[in-house]
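Q: Input: one structure, supplied below.
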Amino acid sequence: MHLSQHELDLISWCALSEPGDALTNLIWNAFGPEALESIKKQDFETWRNFISESFPEYLSELRSMEERVCLRLPRANAYQLVERGIRWNARPVAVASLPSVEGRLSDLGVHAPLLIWVAGDRVALEQDFAGIVGTRKPSVKGASNARGLVASLRMPIVSGGAVGIDRAAHEAALEFGLPTVAIMAGGLDKAYPMENWEMFHQIVRSGGVLMSEMPPGAAPSRFRFLQRNRLIAAMCKELFVVEAAHRSGSRNTANHARALGREVYALAGSWASEQSQGCNTMIQEGVAKQYVLDDPIQIEPSWTEKRVQDALRAGAKTPSEIAIESGVGLKQVKSIVLLGGKTCN
C-alpha cells in the first residue's frame, strides 16, 4: 500500500501514544510531523510553551509524556508497523478519511484517536451501529437475550469481541447477515481472546471489521480495555447493556455513552442473579432506560427509594417534607420522585 510521508509520520506518532492521550493529540494538531523532530532532538521547549499557554491543565503530565515518547520512538517505525499489520490483514486508516467515523469519534474531544487500525471493510464503519455489551460470564437467559436483541434491532452491531455477551451479539449479527465491528484493546495481531479468533476471522470475511487504535504489537491491558470502552460508546448510536454485575466494564461503557449523549438501555433481571444487578442498578439510578425484550420485569426499589415511598405514604408531600420524614437528601428526593413519575414542588 502506498502511503505519503505525512501518513507515515502520523503512524509513527500514534505508536508513541496511549489510548485517549490528549497531550499527543494536542501536540500533533499544533505541530504535525515537526513534533517527531522535536523528539529526535529532545528539544521540547516549544511544546512546553504551547501547553503552558493554551492548555495549562495538561502541563503537569507533559514531562511524563516526553519521557514516554523518547523511550518508544526507536520502536515506532511506520514501515515495520504497516508490514506487520498487513501480515494480519490490518491497515492504518486516518480517522479524518472516514467522515461518519470522524463525526462520532470527535465527540471524544481531545481524547479522540487520530488513527485507527482496521481489518476488513473500512467502509462498513460508516454505518449507524447499535452497541451491545455485557458480562463475560452470562446466564443462559442473558446469552439468549443478546441474540434476541440483535434479532429485534436488525442493525449493524458494535461490541468488544470478548467472550460472553459480546460474543453472543457478534455471532447473532453474523447469523442474521448484519455487519458487526469488534473493537480491540490491543493491536489487531494480538486480538483478544484467542478463543474467539475463528469468530474474528468470520467477522472480517462477512464484511465486518476488527478495529483498534493501538498499533500492531501492542498488548491489551486493563487500562487499554477501559479506554477501548469509550470507542464502543462513541461508535454506537445507542448502547444496550444485556447483563452486567454491579461493578463491571459494561458500566464503564455506559458511563462513556451517557457522557457522549448516546441513548443507553439496559435489560432488567432478577436481583437474585448477580449478572443482572448492574443493569438493575443502572436503570434505578437513571443511567440507563429499561429495554423490554419480552415480558416487563418489575425492578425492586432500592432502600433509598423505599424510604422515600414510606415518607409519601406517611403523608409527606413536598420535597422538604419527604426529606425530613425519610432522612434522604433533598437532591436525591427530587430525583427519585421525578423518576417515579410523580411531581412535587
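The values are calculated or read from the model by the stated rules, or taken from the named source; none is laboratory data. Bear in mind that the values here come from a model prediction, so they are computed numbers and not experimental data. Backbone-built Cβ (ideal geometry, glycine too); neighbour counts: all protein chains shown. Keep in mind that these areas ignore ligands, DNA and RNA; they rest on the heavy atoms of the full protein, side chains included. Shrake-Rupley method; radii C 1.70, N 1.55, O 1.52, S 1.80 Å.
Q: Looking at Ser54, Ser17, can you tell me which residue is in contact with a Pro (Cβ under 9 Å, 6 or more places away or on another chain) and closer than 29 Å to Asn229 by Cβ?
A: Going through Ser54, Ser17 in turn, the sole match is Ser17.
Q: I would also like to ask the following. Within the stretch 146-165, which residues are open to solvent by 10 Å² or more (accessible area, probe 1.4 Å) and not hydrophobic (A, V, I, L, M, F, W, C)?
A: Once the filter is applied, which keeps residues that are open to solvent by 10 Å² or more (accessible area, probe 1.4 Å) and not hydrophobic (A, V, I, L, M, F, W, C), the stretch 146-165 yields Arg147, Gly148, Ser152, Arg154, Pro156, Gly164.
Q: Go through the stretch 1-13 and report how many residues are open to solvent by less than 20 Å² (accessible area, probe 1.4 Å) and under 28 Å from Asn229 (Cβ atoms).
A: Adding up the residues that qualify gives 4.
Q: Of the residues Val292, Val264, Val241, which single one is under 17 Å from Ser139 (Cα atoms) and either buried (at least 21 other Cβ atoms within 10 Å of the Cβ) or β-branched (Val, Ile, Thr) (or both)?
A: The conditions single out Val241.
Yes or no, residue by residue, for (1) open to solvent by less than 40 Å² (accessible area, probe 1.4 Å); (2) over 16 Å from Leu8 (Cβ atoms):
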residue: Ser52; (1), (2): no, yes
residue: Glu57; (1), (2): no, yes
residue: Met65; (1), (2): yes, yes
residue: Arg68; (1), (2): no, yes
residue: Gly85; (1), (2): yes, no
residue: Ala94; (1), (2): yes, no
residue: Leu98; (1), (2): yes, yes
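Q: Let me ask something else about it. Which of the residues that make up the stretch 192-215 are touching a helix residue (DSSP H, G or I) at 6+ places or on another chain (Cβ under 7 Å) and of a type in the set (Val, Ile, Thr)?
A: Residues satisfying the conditions are Ile203, Val209.
Q: Among (1) part of a helix (DSSP H, G or I); (2) touching a residue at least 60 places away in the same chain (Cβ under 8 Å); (3) among the hydroxyl-bearing types (Ser, Thr, Tyr), which single condition is Thr135 missing?
A: Of (1) part of a helix (DSSP H, G or I); (2) touching a residue at least 60 places away in the same chain (Cβ under 8 Å); (3) among the hydroxyl-bearing types (Ser, Thr, Tyr), only one is false for Thr135: (1).
Q: Given the conditions (1) open to solvent by 40 Å² or more (accessible area, probe 1.4 Å); (2) touching a Ser or Thr at 6+ places or on another chain (Cβ under 6 Å), report the number of the one that Arg122 does not fulfil.
A: So the condition that Arg122 fails would be (2).
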